[in-house]
1. Quick check, is residue 172 modelled with pLDDT of 95 or more, buried (at least 16 other Cβ atoms within 10 Å of the Cβ) and touching a strand residue (DSSP E or B) at 6+ places or on another chain (Cβ under 9 Å)?
2. Taking the condition modelled with pLDDT of 95 or more and either closer than 19 Å to residue 225 by Cα or touching a strand residue (DSSP E or B) at 6+ places or on another chain (Cβ under 8 Å) (or both), does residue 150 pass?
3. Within the group 116, 111, which residue is more than 13 Å from the chain's Cα centre (by Cα), buried (at least 18 other Cβ atoms within 10 Å of the Cβ) and over 19 Å from residue 171 (Cβ atoms)?
4. What tally of residues in the range 175-187 results from selecting those that are under 28 Å from residue 130 (Cβ atoms) and modelled with pLDDT under 95?
5. In the range 121-141, is there at least one residue being touching a residue at least 24 places away in the same chain (Cβ under 8 Å), under 30 Å from residue 35 (Cβ atoms) and assigned to a helix (DSSP H, G or I)?
6. Can you find a residue that is under 13 Å from the mean Cα position of the chain (by Cα), modelled with pLDDT under 90, surrounded by fewer than 20 Cβ atoms within 10 Å (Cβ to Cβ) and closer than 19 Å to residue 88 by Cβ anywhere in the range 217-227?
7. Could you tell me whether residue 104 is in contact (Cβ under 8 Å) with a residue 24 or more places away in the chain and part of a loop (DSSP other than H, G, I, E, B)?
8. Please state which one of 149, 131 is closer than 14 Å to residue 219 by Cα and surrounded by 17 or more Cβ atoms within 10 Å (Cβ to Cβ).
């Protein structure tokens, strides 16, 4: 007499009768991703209200008037810091949600390359008024990319370069567009990075230990490029100086990813 509760002898790892060895690991990874996203949601909610209050107060002070040049400069710096904090909160959410979404969401549209780059550079200059950033552009100015994400990508690359470059040196930003793609390169004159540091440069959990990236900026920049079907690559000259180049093809973006 047969018993239907017995396992089929053909069952094994990956077959219906027994779970495969990868099942517990997959479940654990999915649970970790959910916890990470929940943490990101909580932190962003708790941080955005005080950031909004700082931004509103700085605007109110300027609107009220009566500030001298030094005071206006100080209020402007406060407003710039609030904008940077708002961007960091967004990048925290991107990092937390990326495992579930499969990357960073983008909304391709009509992007003005020069406008995106100059806005990103000015955003960083507000926080580093004594630093020099040079910008040059060539080729077609418009492209089918997400304008806000393009500005964010450039700002993240410039912020990283300014963080590495010694005082008195120049950070160079070039945007070279063709009929097929856009290349945005940001070069600093900081110390050379080792091959090991370059290998983890875009890992927010490891890069800082080797003199590379500290924070989420480069990770998010690379994810933005990948969402457009491109990537970000780094190269470091042994004599000094590191270049980060983002490549965005004119076709390849995944809307809403």
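The values are calculated or read from the model by the stated rules, or taken from the named source; none is laboratory data. Because the structure is predicted, anything quoted here is derived from the model rather than measured. All Cβ positions, even for glycine, are placed from backbone atoms using ideal geometry, and neighbour counts span all protein chains on display.
1. On the way: modelled with pLDDT of 95 or more: yes; buried (at least 16 other Cβ atoms within 10 Å of the Cβ): yes; touching a strand residue (DSSP E or B) at 6+ places or on another chain (Cβ under 9 Å): yes.
Yes; evaluated as a whole, the condition is true for this residue.
2. Working: modelled with pLDDT of 95 or more: yes; either closer than 19 Å to residue 225 by Cα or touching a strand residue (DSSP E or B) at 6+ places or on another chain (Cβ under 8 Å) (or both): yes.
Against the criterion (modelled with pLDDT of 95 or more and either closer than 19 Å to residue 225 by Cα or touching a strand residue (DSSP E or B) at 6+ places or on another chain (Cβ under 8 Å) (or both)), residue 150 qualifies.
3. Values: 116 fails: over 19 Å from residue 171 (Cβ atoms).
Answer to the check: 111.
4. Result for the range 175-187: 0.
5. Checked against the condition, which is being touching a residue at least 24 places away in the same chain (Cβ under 8 Å), under 30 Å from residue 35 (Cβ atoms) and assigned to a helix (DSSP H, G or I), the range 121-141 yields no hits at all.
6. Restricting attention to the range 217-227, the residues satisfying the condition of being under 13 Å from the mean Cα position of the chain (by Cα) are 217-227.
Cutting the leftovers down to modelled with pLDDT under 90 gives us 217.
Narrowing further to those that are surrounded by fewer than 20 Cβ atoms within 10 Å (Cβ to Cβ): none.
So far as the range 217-227 goes, no, none of its residues is under 13 Å from the mean Cα position of the chain (by Cα), modelled with pLDDT under 90, surrounded by fewer than 20 Cβ atoms within 10 Å (Cβ to Cβ) and closer than 19 Å to residue 88 by Cβ.
7. On the way: in contact (Cβ under 8 Å) with a residue 24 or more places away in the chain: yes; part of a loop (DSSP other than H, G, I, E, B): yes.
In short, yes.
8. Working: 131 fails: closer than 14 Å to residue 219 by Cα.
Of the residues listed, the single one that is closer than 14 Å to residue 219 by Cα and surrounded by 17 or more Cβ atoms within 10 Å (Cβ to Cβ) is 149.
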